[in-house]
Amino acid sequence: MRNLIMPCETDVAGVPADMTLHARYRRILLAQMDEHVSSIHPTAVVSPEAHIGDDVNIGPFCVIEPDVEIADGCHLNANVTIKSGSHIGPENIFCEGSVIGGLPQHLRMPESVGDLWIGAGNIIREHVTINRGLGAGESTRIGNENMLMVGVHIAHDCVVGNHVLMTNNVLLAGHVLVEDHAYLGGAAAVHQFCRIGCYAMIGGMSRLIKDAPPFVTVDGATSRVVGLNTVGLRRNGFDTPLIRQLKAAYRVLYRSDLALEEALDKLEVDFQEEPVAHFHRFLRCSQRGITAERRPRHDDETFRIADFREDDDDFQRRAV
């Protein structure tokens, strides 16, 4: 599958036009920062017990506590706090007011807590908070090339994959799993131990109390599934035949008269190739249950989901 390419023929701030959206945004952001941030600002407080890599820029009034590792090429804007137990990979950007690696917000927090691991190339915007793992040997983990917008909160023991986008004020409770390429809209809140599947789109103001399957869209108004994330799939290089397979699997799960276990058995038999096979693997591991599909209010209403014509790649709406 191809990377998402910015449809632009001209360079912006020296950024090649064929870079991914994430890479382009990161390059432009760094170009703005380099005018204002020196290597380590004299007002920053950096513990001698912290391990700082090469080419790390630390802005005014930052605080770096002991037992912190920051790999090469990271940029910290003003007033960033990196707490003890944080292990940060290369080329990450932290914007103003973010607090990384704070203690878990848990009344039964043990005396010895876990740690935080962050991968490479993430963009963490203003006032983001990420907590450490709750117990010794436990950890919160953030993957690579994610973007966490203003006010995102990630609680203890969460696992966030790669290429995830969380918009403003998204809230993850403890032990939440977010798979690769998921998108969470503004102020979405996720209950503890819930999971969000890969390429799922969670609408703004959603309140997830059960797992959101991979590849689907969850409506923010009702917090229910409303079909496949067709636009997101196409943008990430899923072709029409593959989307048809995903849609067929979706119908087995949500539109058939089969009980859940029967539907999962049918998915396992009928859809054995990736990525469609990920449907039944994800669903079989569910402990909190699966987010239901939104249903019409009246018997005479019919929902329509995107289907595809055989003669081209454009989709049209058809009654299911």
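The values are calculated or read from the model by the stated rules, or taken from the named source; none is laboratory data. Bear in mind that the values here come from a model prediction, so they are computed numbers and not experimental data. With ideal geometry, Cβ positions are generated from the backbone for all residues, glycine too; neighbour counts draw on all protein chains shown.
Summary table below
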{"read-out": "Neighbours by Cβ (under 8 Å, 6+ apart or cross-chain): first from segment 101-113, under 23 Å from ALA50 (Cβ atoms) and in the same structural domain as ALA136 (by TED's automatic domain parsing); second outside any loop (DSSP other than H, G, I, E, B) and acidic (Asp, Glu)", "value": "GLY101/ASP115"}
{"read-out": "Residues of segment 105-135 satisfying the condition of being farther than 16 Å from VAL176 by Cα, of a type in the set (Gly, Ala, Ser) and modelled with pLDDT under 95", "value": "SER112"}
{"read-out": "Test: GLN245 is assigned to a loop (DSSP other than H, G, I, E, B) and not hydroxyl-bearing (Ser, Thr, Tyr)", "value": "no"}
{"read-out": "Residues of segment 41-98 classified as crowded, with 17+ Cβ neighbours inside 10 Å, in a loop (DSSP other than H, G, I, E, B) and of a type in the set (S, T, N, Q), total", "value": "5"}
{"read-out": "Which listed residue is under 12 Å from the mean Cα position of the chain (by Cα), crowded, with 24+ Cβ neighbours inside 10 Å and in a loop (DSSP other than H, G, I, E, B), from HIS163, HIS156, HIS181", "value": "HIS181"}
{"read-out": "Verdict on ALA263 being part of a helix (DSSP H, G or I), closer than 19 Å to ILE196 by Cα and either among the polar types (S, T, N, Q) or touching a helix residue (DSSP H, G or I) at 6+ places or on another chain (Cβ under 8 Å) (or both)", "value": "no"}
{"read-out": "Verdict on ALA71 being under 20 Å from LEU148 (Cβ atoms), touching a Pro at 6+ places or on another chain (Cβ under 9 Å) and either at pLDDT 90 or above or among the aromatic types (Phe, Trp, Tyr) (or both)", "value": "yes"}
{"read-out": "Residue in segment 195-242 that is surrounded by the fewest Cβ atoms within 10 Å (Cβ to Cβ), counting only those that are within 15 Å of the chain's Cα centre (by Cα) and of a type in the set (Gly, Ala, Ser)", "value": "GLY204"}
{"read-out": "Test for ARG224: is it assigned by TED's automatic domain parsing to the domain that holds ARG195 and closer than 22 Å to LEU177 by Cβ", "value": "yes"}
{"read-out": "Output for segment 186-198, where each listed residue is outside any strand (DSSP E or B) and over 18 Å from HIS127 (Cβ atoms)", "value": "HIS191, GLN192, PHE193, CYS194, GLY197, CYS198"}
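Yes or no, residue by residue, for (1) over 25 Å from the mean Cα position of the chain (by Cα); (2) modelled with pLDDT of 95 or more:
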site	(1), (2)
HIS36	yes, no
ALA44	yes, yes
PHE61	yes, yes
GLY89	no, yes
ILE93	no, yes
